[in-house]
Amino acid sequence: MPRYARRVGREVLEGHPRLPPWIAQERVRLGDLHRMKTDLRTSGLHTVCEEARCPNRTHCFTLGTATFLLMGGVCTRACGFCSIQSGQPKALNPLEPQETAERVAALNLRFAVLTSVNRDDLPDGGAAHFAETILAIRRRNPGVGVEVLVPDFLGDLEAVARVVAAGPEVFNHNTETVPSLYKEVRPAGRFERSLAVLRHAKTLGTALYGPGFRTKSGLMLGLGETEAELLTTFQALVAVGVDILTLGQYLRPTRHQLPVKRYVPPEEFEALAEQARVLGFRTVHAGPMVRSSYHAEEVAAQG
């Protein structure tokens, strides 16, 4: 395991940078956290907050919000950064769209975020399931905003179109990192494929709903990318019409995932965000603890 030379805070510890002072755990009311987690588990629904060990899950749960993880908790891919279980998923639950809509109502959400594991075992990658869930939420909860964070559907643009046609306010697909790191970070992904997904969603969404339809993407920092690579990636995303960009610090979920190579200081996030805005993004949300679905309602309102 390489020993990285960069020092952050006090020292580098056994090849891994020590957590810097700006990465801190937020105090939570444990009673509220327990009630939220119990409610979600009783419903039989999954959240990416727990399955992927999101560092913000305690904050969001105590606010009564969560990002729903559709199509089970087993993924057909094994990305280097992700702690979601990889393997052969179970059959889709046909009741999940309506159950998700009911949970949105029970939690009194104003804005629902839907994501999923990769389901490369399905002919459409789960696009129809996404669409059915959006429509179920619309029927049960008029006026609730919906953001989708979708996989790349193996580049199936008809699958992309099916999700867009269901009418989410925001269509999000994360490129996750710069192209040079895909082999290590997203071995089953392709950067150009992700760009094609975002381009098609923007083109079709604008044609159906007008210029207010927004696309979104996000990257993790601290995996070994350079500033020049980031700026080139930003330019590629702007070129395919992405409106909203999120930038956050990669934090290793468990020892089985890729190590953090660098903790990016808050001031560097701010500088990158300003450069991204100059390049043409309508909204940029950047910071060490930012995640693609963190405060999604506020970010969407800015977009």
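The values are calculated or read from the model by the stated rules, or taken from the named source; none is laboratory data. These figures come from a predicted structure and were not determined experimentally. Here the Cβ positions follow ideal geometry from the backbone for every residue, glycine too, while neighbour counts run over all protein chains shown.
Number of residues in the stretch 236-255 that are within 20 Å of the chain's Cα centre (by Cα), surrounded by fewer than 21 Cβ atoms within 10 Å (Cβ to Cβ) and not basic (Lys, Arg) equals 7.
Within the set THR115, THR133, the sole residue that is touching a strand residue (DSSP E or B) at 6+ places or on another chain (Cβ under 9 Å), under 21 Å from SER292 (Cβ atoms), touching a residue at least 40 places away in the same chain (Cβ under 8 Å) and assigned to a helix (DSSP H, G or I) turns out to be THR133. Taking the listed residues GLY167, GLY212, the one that is of a type outside the set (Val, Ile, Thr) and modelled with pLDDT under 95 is GLY212, with no other qualifying.
Across the stretch 187-223, which residue is surrounded by the fewest Cβ atoms within 10 Å (Cβ to Cβ) among those that are assigned to a loop (DSSP other than H, G, I, E, B) and in contact (Cβ under 8 Å) with a residue 12 or more places away in the chain? Residue satisfying both the conditions and the ranking: PRO187. Check ARG255 against each of (1) more than 23 Å from PRO151 (Cα to Cα); (2) modelled with pLDDT of 95 or more; (3) in a loop (DSSP other than H, G, I, E, B); (4) among the charged types (D, E, K, R) and name the one condition it does not meet. Every condition holds for ARG255 apart from (2).
Residue count for the stretch 136-161 under the criterion of being under 18 Å from SER292 (Cα atoms) and part of a loop (DSSP other than H, G, I, E, B): the result is 3. Across the stretch 107-126, a minimum of one residue is classified as over 14 Å from PHE68 (Cα atoms) and among the small types (Gly, Ala, Ser). With respect to THR232, is the statement that it is exposed (fewer than 15 other Cβ atoms within 10 Å of the Cβ) and either within 18 Å of VAL278 (Cβ to Cβ) or over 19 Å from the mean Cα position of the chain (by Cα) (or both) true? Against the criterion (exposed (fewer than 15 other Cβ atoms within 10 Å of the Cβ) and either within 18 Å of VAL278 (Cβ to Cβ) or over 19 Å from the mean Cα position of the chain (by Cα) (or both)), THR232 qualifies. Among the residues of the stretch 169-181, those that are in contact with a Ser or Thr (Cβ under 9 Å, 6 or more places away or on another chain) and at negative phi comprise VAL170, PHE171, ASN172, HIS173, ASN174, THR175, THR177, VAL178, PRO179, SER180. Within the stretch 142-186, restricting attention to residues that are of a type in the set (Ser, Thr, Tyr) and surrounded by fewer than 24 Cβ atoms within 10 Å (Cβ to Cβ), which residue is nearest to the chain's Cα centre (by Cα)? Here the residue is TYR182.
Quick grid of which residues meet (1) in a loop (DSSP other than H, G, I, E, B); (2) without any contact (Cβ under 8 Å) to a residue 40 or more places away in the chain:
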| site | (1), (2) |
| --- | --- |
| PHE68 | no, no |
| GLY72 | yes, no |
| CYS82 | yes, no |
| ALA128 | no, yes |
| PHE171 | no, no |
| LEU181 | no, no |
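Can you find a residue that is out of contact with any Lys or Arg (no Cβ under 9 Å at 6 or more places or on another chain), within 19 Å of ALA286 (Cβ to Cβ) and β-branched (Val, Ile, Thr) anywhere in the stretch 189-201? For the stretch 189-201, residues out of contact with any Lys or Arg (no Cβ under 9 Å at 6 or more places or on another chain), within 19 Å of ALA286 (Cβ to Cβ) and β-branched (Val, Ile, Thr): absent. Being farther than 15 Å from LEU223 by Cβ and either in a strand (DSSP E or B) or at pLDDT 95 or above (or both) is true of GLY241. Taken over the stretch 258-280, residues that are under 22 Å from GLY80 (Cα atoms) and either part of a helix (DSSP H, G or I) or under 20 Å from the mean Cα position of the chain (by Cα) (or both) amount to 5. Counting only residues that are in contact with a helix residue (DSSP H, G or I) (Cβ under 8 Å, 6 or more places away or on another chain) and in a helix (DSSP H, G or I), the stretch 224-238 holds 10 of them. Would you confirm whether or not the stretch 157-173 contains a residue that is under 21 Å from LEU221 (Cβ atoms) and among the acidic types (Asp, Glu)? No.
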